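Notes follow once the structure below has been shown.
Every number in this text was worked out from the coordinates using simple rules, so none of it is lab data. Everything quoted here is computed from the prediction, not taken from an experiment. When we count neighbours, we look across all protein chains shown, and the Cβ atoms used for this are built from the backbone with ideal geometry, even at glycine.
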Amino acid sequence: MLKNISMKVFLKLLPLFILVISCTESEKNIQQYSIETLMSNNRSSGGSFSKDASKLVYSSDKSGIFNIYEVNLENNIETQITDSKEESFFVRGYSPTTGEVIYSADKGGNENSHVYIIRDEKSIDLTPGENTRASFFGWTNDELGMYIQSNSRDPRFFDLYEININTLDSKMIFKNDAGYVINDISNNDDYLVLNINISNTEQKLFLYEIENKQLSEISNQIANYSGQNFNKNDEKFFYTTNYDSEFYYLMSYNLSNGDRKVEYKTNWDVAFSYLSKNDSYRVIAVNEDAQNKLTIKNTNDDSELNIVGTENMNINSVTFSDDEKMIRISAGSPNSPGDIYTYDLSTNKLNKITSNLNSDINPNDLVNAEVIRYKSFDGLEIPAILYKPHSAKKGNKVPALVWVHGGPGGQSRVGYRALIQYLVNHGYAILAVNNRGSSGYGKTFYSLDDQNHGEGDLQDCVWGKKWLQEQAYIDPDKIGIIGGSYGGFMTMAAMTFEPEEFKVGVNIYGVTNWIRTLRSIPAFWETSRKRLYKEMGDPYTNDSLRLYDISPLFHAKNIKNPFMVLQGANDPRVLQIESDEMVQEARNAGAYVEYVLFEDAGHGFVKKDQQIEGNQKILTFLDNYLK
């Protein structure tokens, strides 16, 4: 063929030949991984310094389930502290006075977490009770007492207790009979910041004096509010609000004179903010287009702290040691699970604590995320995150899935998800839509699906499918839908109310009967019950008529295409009966359904063996009925 091409033309075409050959070689070199290999990646959480910053304690699932590990930062020698086989242990930190480890754990995913202390190599449950749900809340000013929130007195409400670290005796600090959410406690132990949920667009914020039980409202306008923290001397406390703005911004409130000041404002939500122990640094996290962008400011001169060596990382969170000389960093990327690092401010030395990516996996074989936007049925712009297989191109069209996040009101975010990478690595494009009602894009966008669920938000998913069909590298006839929790509801809504649109559906513990779900929400959600009813509808009123209409369970006869369901038997949010009945009704109507039930799982599959089995079965189902 090259015989008939002149040398001049050949030289012009040479770069193109090289490019084609390179691309072909590149595609050939992409390795396809088994679920066992991808799930051999580890996950880690926490990361707390000891009082003298000589040690760091964190949780990891490298044993197959989350256990606790301690690292000596002087020599990087690691010790496994716990060896649980059944339940995941999530570390909360060290006791500053005794150095003992505090952690939390539930039973089989039932979400009734208890707080434990490891003393004399034994775990002691500090918050016993079969139906008790408790959480660690910090330390008293003298560091001899531990604050705990617990609903042991009333399953609906969380009271605040102080537990003496030496005797382990507890006393109630705040009795919560009004459904408050405790946001923070002052450093001098004098004040609580309380929040109460009214609706999606309104919260109230209060300052509560513990000694004289005086309650003062801080929220002076109808808006959303969230308490953040106090400064060291308790002269000010900080909160975020979206009053007169689409997005949350950071405010300060002067406790002595009531003065308020805008501390930080941008065109995205300030997700959270806090000060280091001596107020030398302020950390500000902004939810910018579905990922956290962290800024660390030196409070003396307002300069930004540059952490050398993290330039190509997406930092999710940081924590300072008490002496403010060390930082714990959690950072990751879409094509690699996050890791924990420490950073020495005096030497600028970055020290990697975990190695969560399996060394057998080349991160270049996995894919990065691309944020895109498309127009929905009414012209509304919908943000979404695209994960495109390396092999996808015009001459090699691939199947695709619309991925729907949990909620209502959640957000698909840029970051590593094993199931997404597994499916993309095996040739499926994923479009993670942030349909109307998703958080992170302003309060107007957030409220667009209020009492419109299964309608406008479902159409956003359908139009996400239409966007996929327009892409030259997507097979327009092979597009399915997948989601968990609220996303599982959206999956089943698509299969029942838009039965021609998606070739398959994968429902991961999704709501199928809104009337039952809203009537059976866990008691510990009492503080959000009214807010949820205002958003979804009250199942004890005429709203139940609409809730019936949008519940897939009652419309199973419409289903035409195959779907699968994955469910945990201990799920307190979406009960097993939701999936049991959906599967039975669909089968009675003649639909093909695969059902995977995990007896020892809750709302989310924590154990690696559950994830391996579930993800493998999802891929097999998709290969059989979509690809």
Practice prompt. Evaluate E = 1/(1 + (r/R0)^6) for Glu209 and Asp142, where r is the Cβ-Cβ distance and R0 equals 25 Å; express this FRET efficiency to the nearest 0.05.
Written response: 0.85
Worksheet, complete the sentence: Rounded to the nearest 10 degrees, the helix 486-497 long axis (Cα) sits at an angle to the longest Cα principal axis of the chain of 40
Practice prompt. Using Cα centres only, tell me the gap between the stretch 469-530 and the stretch 562-583 in whole Å.
Written response: 12
Practice prompt. Read phi for every residue in the stretch 134-142 and hand back ³J(HN,Hα) as whole Hz from Karplus 6.51 cos²θ - 1.76 cosθ + 1.60, θ = phi - 60°, with x for Gly and Pro.
Written response: 9, 8, 6, 10, x, 10, 5, 4, 7
Worksheet item: Can you give the percent of C-alpha pairs in the chain whose distance is more than 40 Å?
Response: 31
Discussion item. Just to confirm the number: angle between the C-alpha axis of helix 456-469 and the first principal axis of the chain, 0 to 90 degrees, nearest 10?
Written reply: 40
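For a 29 Å ceiling on Cα separation, which of these pairs sit above it: Lys466/Lys627; Lys393/Lys607; Lys478/Lys617; Lys236/Lys530?
With Cα atoms farther than 29 Å apart: Lys393/Lys607; Lys236/Lys530.
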Response to the item:
A correct Kirkwood calculation over the Cα atoms of the stretch 266-352 returns a hydrodynamic radius in Å of 13.4
Discussion item. Given the DSSP H assignment, sum -39500 (n - 2.57) over each helix run of at least 4 residues in the chain and divide by its residue total; what's the result at 222 nm in deg cm²/dmol, nearest 500?
Written reply: -6000 deg cm²/dmol
Discussion item. Can you order the peptides 478-490, 582-594 by their average number of other Cβ atoms within 10 Å per residue, highest first?
Written reply: 478-490, 582-594
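Assign one of three labels to the stretch 28-160, namely rounded, prolate or oblate, based on the Cα gyration tensor with a ≥ b ≥ c the square roots of its eigenvalues; rounded applies when a/c is under 1.5, prolate when it is not and a/b is larger than b/c, and oblate otherwise.
Verdict is oblate for the stretch 28-160.
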Worksheet item: How big is the stretch 366-625 by the Kirkwood estimate over distinct Cα pairs, in Å?
Response: 18.3
Worksheet item: Around Asp154, with a cut-off of 12 angstrom between Cβ atoms, what is the net charge of the other residues, counting Lys and Arg +1 and Asp and Glu -1?
Response: +1
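Does the stretch 220-270 classify as rounded, prolate or oblate by the C-alpha gyration tensor (a ≥ b ≥ c root eigenvalues; a/c under 1.5 gives rounded; else a/b over b/c gives prolate, otherwise oblate)?
Prolate is the answer for the stretch 220-270, as a/c is 1.5 or above and a/b outweighs b/c.
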Practice prompt. Starting from the Cα-Cα distance between Lys530 and Lys51, subtract it from 0.36 nm times their residue separation and give me the gain in nm to one decimal.
Written response: 168.3 nm
Item to complete: Would you mind classifying the stretch 426-493 by shape? Square roots of the alpha carbon gyration tensor eigenvalues, ordered a ≥ b ≥ c; an a/c under 1.5 is rounded, otherwise it is prolate if a/b is larger than b/c and oblate if not.
Response: prolate
Item to complete: For Phe272, list long-range residues whose amide hydrogen, built 1.01 Å from N in the peptide plane, is under 5 Å from its own amide hydrogen.
Response: Ala285
Worksheet item: Got the relative contact order for the stretch 566-624 handy, in percent, Cα pairs under 8 Å and 6 or more residues apart?
Response: 44
Worksheet entry | Cut-off 11 Å (backbone N to label point 7 Å along Cα→Cβ of Gln32), residues of the stretch 402-443 | 425-428
Discussion item. Given an 8 Å cut-off on Cα distances and at least 6 residues of separation, report the relative contact order of the stretch 266-352 as a percent.
Written reply: 19
Worksheet item: Hey, which lysines would be in cross-link range of Lys293, C-alpha to C-alpha under 19 Å, not counting anything within fewer than 8 residues on its own chain?
Response: Lys265
Discussion item. How high is the relative contact order of the chain? Use alpha-carbon pairs under 8 Å, at least six apart in sequence, and give a whole percent.
Written reply: 10
Response to the item:
If R0 = 45 Å, then Lys122 and Glu470, at their Cβ-Cβ distance, give a FRET efficiency to the nearest 0.05 of 0.15
Fill in: Helix axis angle, 7-28 relative to the chain longest principal axis, alpha carbon, degrees
60
